[in-house]
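The values are calculated or read from the model by the stated rules, or taken from the named source; none is laboratory data. What you see is a predicted model, and the numbers here were worked out from it, not measured in a lab. When we count neighbours, we look across all protein chains shown, and the Cβ atoms used for this are built from the backbone with ideal geometry, even at glycine. Accessible surface areas use protein heavy atoms only, side chains included; no ligands, DNA or RNA. Shrake-Rupley method; radii C 1.70, N 1.55, O 1.52, S 1.80 Å.
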Amino acid sequence: MTTASEVLSSLQSAFPGAIKDPRVESDARLWATVDPKRIYDVCKYLTDKLNFDHYSGSAGVDWIANNEMEVVEIMASHGAHPVVAMLKVRTPRDNPSIKSLTGLYWNADWYEREIWEMFGINFENHSGLYPLLLSDELMGVWPWRKDFKGYPDLTTGQRAVALPTANGYTEFRIPPTPAEIEAGTVPKERPKYPSFREREEAEIKSDSEMIMHLGPQHAMVPGPFLLDILVEGERVRKGFLDVGYIHKGIEKIMENRTWLQGITYTDRMCYVASLSNNECYCGAVEKILGLEVPERAQYIRVIVEELSRIQSHLIGTGEFLTLIAGVGYAPWQYMIIDREHVISLIESVTGARLTHSFVRFGGVRNDLPDDFAEKCKITLPYIKSRINEFIELFAQDPIYDLRMKDVGVLPAETAKEVGIAGPALRASGVSYDMRVEDPILVYPDLDFKVITGTKGDCADRIDVRLREILESIYIIEQCLDRIPSGPIKPEAKVPKKVPAGEAYYRVEDPRGEMGMYVISDGGDKPYRVKVRGPFYATLQTLPPLLEGVYVADVVAIAGSMDGCPSEADR
Amino acid sequence: MDGIIESITQFANQEPAIFALIIGIIGAAIIAGVVNVGAMLLIWGERKVLGDFAARFGPNRVGGRWGILQLGADAIKLFTKEDIIPAEADKGVYVWAPIVASMATMLVAAAIPFGALHINGQDYPLVVANMDISAFYVEAALSIMSIAVFMAGYSSNNKYSMLGAFRGMARMIAYEVPMGVCVISVAIMAHSLNLVEIAQNQTLWYAFAQPLGFVIFVIALITDLGRIPFDQSEGEEEIISGYNTEYSGIRWGLLYFQEYNNALLGSILLTLLFLGGWQGPIIPIPLLDIISPLIWMLMKMIIVLWFFIWVRSSLVRLRIDQVTDLGWKWMLPLSIVNLGWAVLVGSYFA
Amino acid sequence: MGISDVIPVPVAIDEELEKWTIFGQPVADVWFTTTEKIHQIIEMGPIKNIFNWGRKNSVYFLMQPMGCCGVEMFVFGAAPYDSDRFGCIPRNTPRQTDVMIMSGYITRKYLPVFKNLWEQMPEPKWCIAIGECAISGGPFYDSYNIIQNTADYFPIDVFIPGCPPRPEQFLEGLMQLQEKIKQRKDKRGYY
């Protein structure tokens, strides 16, 4: 078993002088600042020699007081060892530029593009630095920098101006207002790059090909994102993704809210998994605060989070079924009906259907209602029987088999390489679950299996999701048996100001590995919150999966990923 | 009464051409009414039955607790909607597509027997144009709808519509042949291509006499009607709404309506060819015995239509390549096998 | 606008018709005045009640989930809450919808798309703003990317507060819209 200190000593011996301010937080967390010139080599060494084969994302931080920019590379492993290495690279603020890791990791592309558009940090050797989340009007503003001048004026009406295009269509644009130009939020110089439309049209090679837009409004998308496919007849040749249609800037907003207010924003990041998002944020803050969560509160958290996983998987599978069968298909309606039972269970605890804000620093907001265990004893066996029925149904349906088997196959090696998360990763046969890898709360005491598939096709992804529901029910039943009585909040009052420090906390979201990187500068607001969302990682892997499939398979593959674009866009 | 009949007979003898014309116009008006009202009831019924399958109610606010006036509200709304023709559409084809679709269903309705009246121990079939080859004619006219679908999809200047139109065409070509072969098989057994005679000659239902042909015909019919699992031309979740993506208001209403018209006529065709048509025991109650063939016909139709809806709510949509594969590689050879069976059995019984 | 926009005549004839006069006025003018008059008569008369009865009982909504409310919209259309009872079913193409449910935050990048979708819907059409984000920006009011004043861009008939509102509130909003259409107090019912 590799530990963080072993990784550190190995690194220090391989790169003498390149590793500064190392900090071993625990066996599973390593913090270090790496020499910007050596970051590529360090990462290569980690991957080749120390099994760090999971590039988990990167975060940008603007240290305006030091006149420096920082990029934090989050490195982990797909099950070989539990160490997460947080490697910081600093670069001067005037002309920030660091080496790109896209040559090493395929999935570094999106993370680096996001940092570029938000902070203006240039990545050397990155082949396509195009905006990801922001619209063209906001490029060059660098909104996540600390000196971003307020928010543009969006209160004047009639902003969307109809502009006739050359070929007779009408497009709507939002030009900047004079007030915005005066306030300096509209940059005088914008980066030059080909637009999304130009980039995808450059791929058209012959007259028999055309680009089909699936989105931003389309029956396929669970929230607005644009999936363009280059089709030749019914065959897809290439897929292009454009996200950011519901980019709300949650990470920036959270920097302007108190620590407690931040919880409500984590709710709205992924609204069908809001309890795990709560958990992730609160867990990170608890780590900085050094708070111990009372045991009863831990059990309550596990119960509601697993319930939330059940309802998320149910609606995800239900949406997927409408995609391959149309809205007349009855089983998806049954899933929504079953989900309502689970929702009412969660509601009896948290008081809300979707946005709970239930988890608090060091505990939970309120205790379980008195009759909760009895209600669970009625609902959970019912859900279990229904899920078994669904599994049986899909196993028997020959047309389902024809549509789903061997469609969108993702072998284990590729799945690891592209950094896909959650059930989609496990369906490929990779046993990677945060509840086991990075155990939190009372998960180590509980008995449960990590569900894996074999092939990694669409059928497997749905099957894994359904069987995970059974596993979640088993976990809840154990929790209800074992839950002790006691306090649900820490005895001491949680301070308004959080001491300076930083933490990276990971939970298993219904969609996969969710990580939050929280930095405090000792104030009453976070200095920076970085969300490493699972669907962000999954969404990125969509275009390569679509190459060579039929148009009808596109919706099957995209639907089987159980999308939540709101969390990808944040 | 007798006087009126006498004068009509006299007129018919004097001016046979004009009489035939008048009868044709009256018949056309009646069938247009019957088919359209039937299709409206079918849409309403589908919404209610689909609701039932999905453990919900379906429309129940307009026109009493059964929501029977829901279709009236939908029709009024669609009639008074803005009429949009996309700027770059092929206007003529775009406008004509729903009209061609309506014409197709009316052409079918003209030759299809809707049932029969049982008067004085004899069945009088209710059919406007009693043709010798009506089985073939109906089967051919049913597929004119595919042309309307192609027109709609092609003229809309929309990528989804275009794809839907191509899919509809590929599907139609793949399934029209096995469907035709099945009709021939039935005709061989019945020694007639006339639907009325086919229905009357069925002492043993052809669904039992040639079960293979029955299965193939049902599948091909569902495909022809463009219903799930063969609704690739509409393919709601992949290509928005398929060929009718750009259609709005009354034009879309017409296209949508014709699909249900076709489903209704398809169910009649299936009943006539394979389920014994209007045959059934005569109800020994005065007045009811006259319409008892009609009642049997209606019951069989309702079962067939209910089956279509049942299939819709419980099956997944196939991919277009799988549909054409199924059509060419399985349906066509099997339908020819069935043809051989029909020839053998038919000649043996003859 | 020429007559060929209304009745299908070749453009050459259209140009010819532009020169014609009737009662000393161009034919086209008289034509349009008359249709307007017909509309006025319809607007005043009891036939509008029949139109409105049809319209209010058959509002199809655009399936377009945007945020948290999008999930509730999905549930609102499905079995537990069954919007089909009110004749309200989801359609995927804006051409066949009557009501646009604004179910979430509208960002700078999405507003042009959203406006396009709205323009593609045939008249008469209505807009329901659901949730705090769609009404005023909600918790994201000070974001650099969120449009706050959606009512300036779309003629919103019903605002349903909540974050997100429950599906029952969706039904309530739908019934409010139906009542508004019935009483001719909706913003876009003049067509």
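Some notes on this structure:
- Residues of the range A:133-142 classified as more than 14 Å from A:R93 (Cα to Cα), modelled with pLDDT of 75 or more and surrounded by fewer than 22 Cβ atoms within 10 Å (Cβ to Cβ), total: 4
- Of everything listed in (1) assigned by TED's automatic domain parsing to the domain that holds C:F74; (2) in contact (Cβ under 8 Å) with a residue 24 or more places away in the chain; (3) within 14 Å of the chain's Cα centre (by Cα); (4) over 30 Å from A:G140 (Cα atoms), the single unmet condition for C:L117 is (4).
- Test: residue in the range A:230-243 that is more than 10 Å from chain C (Cβ to nearest Cβ), more than 22 Å from the chain's Cα centre (by Cα), of a type outside the set (D, E, K, R) and open to solvent by 10 Å² or more (accessible area, probe 1.4 Å): yes
- Residue in the range B:235-249 that is assigned to a helix (DSSP H, G or I) and in contact with a Pro (Cβ under 8 Å, 6 or more places away or on another chain) present: yes
- Assessment of the range C:57-77 against the conditions (more than 7 Å from every other protein chain (Cβ to nearest Cβ), part of a loop (DSSP other than H, G, I, E, B), open to solvent by less than 30 Å² (accessible area, probe 1.4 Å) and in contact (Cβ under 8 Å) with a residue 60 or more places away in the chain) yields at least one matching residue.
- Condition met for C:E179 (surrounded by fewer than 16 Cβ atoms within 10 Å (Cβ to Cβ), within 11 Å of chain A (Cβ to nearest Cβ) and either more than 30 Å from A:M254 (Cβ to Cβ) or not polar (S, T, N, Q) (or both)): no
- The one condition in (1) farther than 26 Å from B:M299 by Cβ; (2) of a type in the set (F, W, Y); (3) open to solvent by less than 50 Å² (accessible area, probe 1.4 Å) that B:F53 fails to fulfil: (1)
- If you check A:K188, A:K205 for being open to solvent by 20 Å² or more (accessible area, probe 1.4 Å), at pLDDT 80 or above, more than 29 Å from the chain's Cα centre (by Cα) and basic (K, R), only one passes: A:K205.
- Filter pass, A:T322 being within 11 Å of chain B (Cβ to nearest Cβ) and either within 14 Å of C:V71 (Cβ to Cβ) or not hydrophobic (A, V, I, L, M, F, W, C) (or both): yes
A quick yes/no check of all residues on (1) assigned to a loop (DSSP other than H, G, I, E, B); (2) in contact (Cβ under 8 Å) with a residue 12 or more places away in the chain; (3) open to solvent by less than 10 Å² (accessible area, probe 1.4 Å); (4) more than 7 Å from chain A (Cβ to nearest Cβ):
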| position | (1), (2), (3), (4) |
| --- | --- |
| C:E123 | yes, yes, no, yes |
| C:P139 | no, yes, no, no |
| C:A151 | no, yes, no, yes |
| C:F159 | no, yes, no, yes |
| C:G162 | yes, yes, no, yes |
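- Counting only residues that are assigned to a helix (DSSP H, G or I) and small (G, A, S), the range A:527-558 holds 4 of them.
- First in the range A:19-43 and part of a strand (DSSP E or B), second anywhere and open to solvent by 70 Å² or more (accessible area, probe 1.4 Å) and among the basic types (K, R), Cβ under 8 Å, 6 or more apart: A:L30/A:R23; A:W31/A:R23; A:A32/A:K20; A:A32/A:R23; A:T33/A:K20; A:T33/A:R90; A:V34/A:K20
- Helices (runs of 4 or more DSSP H) (entirely within the range B:252-350) containing at least 2 residues that are closer than 30 Å to B:W96 by Cβ: B:288-314, B:320-325
- Those residues of the range C:78-90 which are assigned to a loop (DSSP other than H, G, I, E, B) and more than 7 Å from every other protein chain (Cβ to nearest Cβ), in sequence order: C:Y81, C:C88, C:I89
- Leading residue by the ranking (farthest from the other protein chains (Cβ to nearest Cβ)) among those in the range C:101-121 that are open to solvent by 10 Å² or more (accessible area, probe 1.4 Å) and of a type in the set (S, T, N, Q): C:Q120
- Every test in (1) over 25 Å from B:S161 (Cα atoms); (2) of a type outside the set (D, E); (3) touching a strand residue (DSSP E or B) at 6+ places or on another chain (Cβ under 8 Å); (4) open to solvent by 10 Å² or more (accessible area, probe 1.4 Å) is passed by C:S83 save one, and that test is (4).
Each row is one residue, and each column tells you yes or no for (1) over 16 Å from the mean Cα position of the chain (by Cα); (2) assigned by TED's automatic domain parsing to the domain that holds A:G262; (3) surrounded by 23 or more Cβ atoms within 10 Å (Cβ to Cβ).
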{"site": "A:G522", "(1), (2), (3)": "yes, yes, no"}
{"site": "A:P534", "(1), (2), (3)": "no, yes, yes"}
{"site": "A:L539", "(1), (2), (3)": "no, yes, yes"}
{"site": "A:V551", "(1), (2), (3)": "yes, yes, yes"}
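- Where A:V231 falls short, out of the listed (1) within 21 Å of A:T538 (Cβ to Cβ); (2) part of a strand (DSSP E or B): (1)
- With respect to the conditions (1) buried (at least 16 other Cβ atoms within 10 Å of the Cβ); (2) without any contact (Cβ under 8 Å) to a residue 24 or more places away in the chain; (3) away from chain C (no Cβ under 13 Å), B:V62 falls short on a single one, namely (3).
- Scan the range A:67-89 for residues that are under 30 Å from A:V450 (Cα atoms) and open to solvent by 10 Å² or more (accessible area, probe 1.4 Å) and the total you get is 4.
- Here C:D98 passes the criteria (1) within 15 Å of the chain's Cα centre (by Cα); (2) more than 10 Å from chain B (Cβ to nearest Cβ) except the one numbered (2).
A quick yes/no check of all residues on (1) aliphatic (A, V, I, L, M); (2) within 17 Å of B:W328 (Cβ to Cβ):
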position	(1), (2)
B:K159	no, no
B:P178	no, yes
B:C182	no, yes
B:A187	yes, no
B:V196	yes, no
B:N201	no, no
B:F208	no, no
B:T223	no, yes
B:I228	yes, no
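- A:L87 vs. criteria of a type in the set (A, V, I, L, M) and under 20 Å from A:Q540 (Cβ atoms): no
- Set B:K81, B:K91: member being open to solvent by 30 Å² or more (accessible area, probe 1.4 Å) and at the interface with chain C (Cβ under 8 Å from one of its Cβ atoms): B:K91
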